[in-house]
1. Nearest 0.05, what FRET efficiency do residue 148 and residue 190 give at R0 = 25 Å with Cβ-Cβ as r?
2. Hey, what do the phi angles of the range 280-289 turn into as Karplus ³J(HN,Hα) couplings, whole Hz, using 6.51/-1.76/1.60 and θ = phi - 60°, x for Gly and Pro?
3. Under a plain spin-label model, where a point goes 7 Å from the Cα along Cα-to-Cβ, how far apart in nm are residue 240 and residue 252?
4. Which far-off residues, 5 or more places away or on another chain, put their amide H under 5 Å from the one on residue 112, with H placed in the peptide plane?
5. How far apart, in nanometres, would the label points at residue 121 and residue 260 be if each is projected 7 angstrom from Cα along the Cα-to-Cβ direction?
6. Hey, could you grab the Kirkwood Rh for the range 261-302? Inverse mean 1/r over distinct alpha carbon pairs, Å, one decimal.
7. Roughly how many nanometres apart are two label points built 7 Å out from the Cα toward the Cβ at residue 275 and residue 41?
8. Using only the heavy atoms of the protein chains and a 1.4 Å probe, how would 241, 196 rank by accessible area, largest first?
Amino acid sequence: MSFVLLLGAVTMSAQGSGVKISAKYKKGDNMLYRATTVTNIQGKTINMVGDTRYVVTKASPDGYTIASTLEKMQTDAAKDDLVGRMMNITSEGLKGIKIILTTDADGKVTGIQNLEEVKEKSKAYVDNVFEELFAELPTDDKFISADQLKATAMEQLSEENILNAMNVNPTPFTLNGMTISTGTENWSEDASGMKMKNQYTLLAPDASKIKVASKLEMSKDDFKKYIISQVKKIMPQQAEMIEQNIDMVMDSGAFKIDKTQTADYEFGTNGWMKTITYSTTNEINGQPSDIKAKLELIESNR
């Protein structure tokens, strides 16, 4: 029985309590996804295209082992565009590197078998590209050192951050392990500490199509922690001053953040995600930005 048909059978008898999303992958599954992203930020439009292949190398009642490889990453961000290059610098560093993911029985990603190997292979790229990028920047733009830039990029390669990216951002594994019905709500927190309230809607009776609407919801204390952590990363020399005056900074309205996101997930009949289309809108201190993206299964062996 296919994953979608199985979901349909469950939906008929358990609509009130929700449908559990439990992947039914098979050893040997070989799936290639293409992510197309258009980002508008600071008056610039940046296009990115990336292809990621997932191969199931082990399948058991306890879970799966999946080899993930970023095969292609292209962007039209200018070489001297710090914002544009920073957006995908970590991804570029992972290109061609195999990441061995482990999951639970439902297909939720729970670990990385070869984390140290991934870090080691990525570090050489990150070191080289940041030295080159930093050297090309005008002196006035060097508000942060090359070493600080490198540290920020490498921080994204911690196991916690990679797992967070797999399970919080829209990916083929995001919904795995969840029990969903129309009106289901939960909260998620990304690696930077931003907390989103998510509301789910079943768009098809068999749960093959699901919409998720998300909005930033953080208390004043949450925002304080977020601001201090970000300042420590990008302007550590200012961190102590900001921390001592955080209440004044908050009350002044100097830091205002808003974020919303909608994501539409569609499963294929092979049990894998077929497409994810999502749109994210951010506004930080009155400066808007938005991301429109589509993740599409472009190659499958079943």
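The values are calculated or read from the model by the stated rules, or taken from the named source; none is laboratory data. Every value quoted in this text rests on a predicted model; they were computed, and no experiment measured them. Heads up, the Cβs are rebuilt from the backbone with ideal geometry, glycines too, and the neighbour counts pull from every protein chain shown. Areas reflect the complete protein model, heavy atoms only, side chains present, ligands, DNA and RNA absent. Shrake-Rupley method; radii C 1.70, N 1.55, O 1.52, S 1.80 Å.
1. Working: r = 21 Å, r/R0 = 0.83.
About 0.75, to the nearest 0.05.
2. These are the phi-based 3J(HN,Hα) values: 10, 10, 10, 9, 10, 6, x, 9, x, 8 Hz.
3. Computed distance between label sites residue 240 and residue 252 equals 1.9 nm.
4. Residues meeting the amide H criterion: 102.
5. Output for this residue pair reads 4.1 nm.
6. On the way: mean 1/r = 0.0835 Å⁻¹.
Over the range 261-302, the inverse of the mean reciprocal pair distance is 12.0 Å.
7. For residue 275 paired with residue 41, the spin-label model returns 2.6 nm.
8. In descending accessible area the options line up as 241, 196.
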